[in-house]
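To start, the structure under review is shown below, and the notes come after it.
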Amino acid sequence: MRYGGLYGPGTGMFDRTMVEQIRHRRVPLIGGGTGWVSFVHVDDAAAATVRAIDCGKPGNIYNIVDDEPAEVKVWLPALAGVLGAKPPFRIPAWIARFVAGEHIVSMMTRSRAGSNAKAKTELGWQPAHPSWRQGFAEVAKQSMEGRTAA
């Protein structure tokens with residue numbers, strides 16, 4: 001099982017620290033933001049895992065991701081928007097290498113998307129959150145409601 005970028009309640013992407021970093025514009029777009037990310041909601045990852053146990057073929061690799069991979073330059077500003085933040089700052093990749101390191105720069109500028117076609121076909125799995133757009137908005141709303149109730 002190869003899981004995409006996990007998100008959902010209680011995950012790193014929506015924990016209080018990460019949300020505050022995004023709201024204070026401390027998570028910049030690096031370079032052109034041309035790295036691709038394939039996301040998956042934690043509930044969809046769990047459902048796919050159960051399907052793989054029940055229906056998967058031993059030795060096969062399944063990419064467990066939603067239906068809409070996105071470039072960083074698309075999903076990061078969208079995430080900021082659902083959190084009520086301004087769009088992220090952009091910094092050149094050469095500067096980011098000094099601050100964040102090559103690994104982060106590579107993730108933000110050169111990573112590639114995954115496809116869930118094999119998991120859908122062989123496992124009969126469908127993500128309940130087919131797009132990170134809908135999933136991010138749902139989790140952000142739940143998160144904000146939880147903070148208001150607390």
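Taken together, the values in this text are just the output of simple stated rules run on the coordinates, not laboratory data. What you see is a predicted model; the values in this text were computed from it and never measured. Here the Cβ positions follow ideal geometry from the backbone for every residue, glycine too, while neighbour counts run over all protein chains shown.
How many percent of Cα pairs in the stretch 58-110 exceed 14 Å? Walk me through the intermediate numbers first.
Details: 912 of 1378 pairs.
More than 14 Å apart: 66 percent of the Cα pairs in the stretch 58-110.
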**Q.** Cβ-placed point charges (K, R +1; D, E -1), dipole of the chain about Cα centre in debye, nearest 20
**A.** 520
Q) Which of I22, V139, A117 sits closest to the plus end of the dipole of the stretch 2-143, meaning its Cα is farthest towards the positive end, when Lys and Arg get +1 and Asp and Glu get -1 on the C-beta? A) I22
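At most 16 other Cβ atoms within 10 Å and a DSSP loop assignment: could you name the trypsin sites (Lys or Arg not before Pro) in the stretch 24-125 that fit?
Details: sites: R25, R26, R51, K73, R90, R97, R110, R112, K118, K120; in loops: R25, R26, R110, R112.
The qualifying sites are R25, R26, R110, R112.
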Q: Provide Rg and Dmax in Å for the stretch 80-129, with only Cα atoms included in the calculation.
A: 16.9, 45
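Mind checking the stretch 55-109 for chymotrypsin sites (Phe, Trp or Tyr not before Pro) that DSSP puts in a loop (not H, G, I, E or B) and that have at most 16 other Cβ atoms within 10 Å? The partial results should precede the final answer.
Values: sites: Y62, W75, F89, W94, F98; in loops: Y62, F89.
When the chymotrypsin sites (Phe, Trp or Tyr not before Pro) of the stretch 55-109 are filtered for loop state and at most 16 Cβ neighbours within 10 Å, F89 remain.
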Q) GNM on the chain, C-alpha springs below 10 Å: top fluctuator among T49, T109, T121? A) T121
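Given the rule -39500 (n - 2.57) for each run of at least 4 DSSP H residues, summed and divided by the residues of the chain, what is its mean residue ellipticity at 222 nm, to the nearest 500 deg cm²/dmol? Intermediate results must be reported in sequence, preceding the final value.
Numbers: 7 runs with 73 residues, N = 150.
Using -39500 (n - 2.57) per qualifying helix, the result is -14500 deg cm²/dmol.
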Q: Compute the relative contact order of the chain as a whole-number percentage, counting only Cα pairs closer than 8 Å that sit 6 or more residues apart in sequence.
A: 36
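Looking at the chain, how many pairs of lysines come closer than 24 Å at the Cα, when each pair is eight or more places apart or spans two chains?
Close lysine pairs found across the chain: 5.
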Q | Compactness of the stretch 2-143, expressed as Rg and Dmax over alpha-carbon positions, Å | A | 15.9, 47
